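Accompanying notes for the structure given below.
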Amino acid sequence: MKSPYIFATANQKGGVGKTTTTITLGSSLSVFGCRVLLIDLDPQASLTNHLAVEPEKLEYSVANLIMSDSINPADVLINKYRLKNGGCLDLIPSNINLARIEAELSNSKGGGLRLKEKLKFFYDNYDYILIDSSPALSVLLISAVAACDEIIVPVMSDFLSIRGVELLLSTIDKIEKALDYKCSYRLLITMFDKRTNSSLKSLEYFKNKYKNTHFHSIINIDTRFKDASMLRKPLTYIDVHARGAMDYISVAREIIDGFNSFIESGEEGKI
Ligand SMILES: Nc1ncnc2c1ncn2[C@@H]1O[C@H](COP(=O)(O)OP(=O)(O)OP(=O)(O)O)[C@@H](O)[C@H]1O
Ligand SMILES: [Mg+2]
């Protein structure tokens, strides 16, 4: 079975760009003709809202997908955007029910592996799956880590973020040991402001400390992201030439080029 490559965003610090990364990177990959599925794994449902889906009106959400064995997984899927180039952007939405199932999920044996199992239903139809995590260190983060091939750690370019990243990486390490499973991670510098010393210095720090585990592309600060969330559309689809959209296009290119060189080198790639 040709399986998609699965990313999950993670950072217990709130407001660092997890949801913005999920939606803008996902839409950027679709611009290259990739078929992309976004999973909202945050009870706050910011991703769902950002894609103009009303969380409180949902018949089914990601909570049903994870907990119920009787529903058809296809019933949870929302086909959002179809592009002429064959790319697409779909959504498995979330709402507050996700918070309600958390206790049940953490008490059930192998609960953290349920999402991974359920996602297999969608494998044939997508090139990439992107999971948006909540800022909490909970069973939902365990589910995201278990389901993904690679974690994207969006990190704000300031010094307060340094300790937070170390804590997150040690938490991920503990999760991996408990699951006996290893996935890779890459840092993605977000909200970079070249006018500030703090941005410049922390960028230098992160690049030195996490030499081979960061994206080379960085995400600059761009007020257009707030406009995009107000318009409830990915910035990439509103204005592909906006600074922030171009930055995520560059991350998407880095991902796609990485896979192409992997396949050209004769190694067996996952996609
Ligand atoms: N590069 C950027 N430049 C300017 N604003 C940004 C950028 N990235 C994200 N934002 C804005 O910052 C706010 C927080 O971003 P986002 O919701 O993506 O963070 P988050 O990590 O998902 O937050 P939470 O932890 O609450 O889920 C949003 O208003 C978003 O529009
Ligand atoms: Mg978020």
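The values are calculated or read from the model by the stated rules, or taken from the named source; none is laboratory data. Bear in mind that the values here come from a model prediction, so they are computed numbers and not experimental data. As a convention, Cβ positions derive from the backbone with ideal geometry for all residues, glycine included, and neighbour counts pool all protein chains shown.
A few notes on this one:
- For the residues Leu105, Leu130, Leu89, the requirement of being part of a helix (DSSP H, G or I), buried (at least 17 other Cβ atoms within 10 Å of the Cβ) and at negative phi singles out Leu105.
- For the range 15-66, the set of residues classified as among the basic types (Lys, Arg) and surrounded by 24 or more Cβ atoms within 10 Å (Cβ to Cβ) consists of Lys18 only.
- Checklist (1) more than 20 Å from Ala8 (Cβ to Cβ); (2) β-branched (Val, Ile, Thr); (3) within 10 Å of ligand 1 (Cβ to nearest atom) applied to Ile238, failing item: (3)
- For the criterion of being in a strand (DSSP E or B) and either on the phi > 0 side of the Ramachandran plot or modelled with pLDDT of 95 or more (or both), Val145 fails.
- Test set (1) crowded, with 17+ Cβ neighbours inside 10 Å; (2) away from ligand 2 (no atom under 16 Å from the Cβ); (3) under 13 Å from the mean Cα position of the chain (by Cα) - Ala146 fails condition number: (3)
- Candidate set from the range 1-22 (those that are more than 10 Å from ligand 1 (Cβ to nearest atom) and out of contact with any Asp or Glu (no Cβ under 6 Å at 6 or more places or on another chain)); member that is modelled with the lowest pLDDT: Met1
- Whenever a residue of the range 105-124 is in contact (Cβ under 8 Å) with a residue 12 or more places away in the chain, its partners that are surrounded by 20 or more Cβ atoms within 10 Å (Cβ to Cβ) and of a type in the set (S, T, N, Q), lying with C-beta atoms within less than 6 angstrom and at least six residues away or across chains, give the pairs Gly112/Ser143; Leu115/Ser143.
- Selection within the range 46-68: residues that are within 16 Å of Leu115 (Cβ to Cβ) and of a type in the set (A, V, I, L, M, F, W, C). The member of this set that is nearest to ligand 2 (Cβ to nearest atom) is Leu47.
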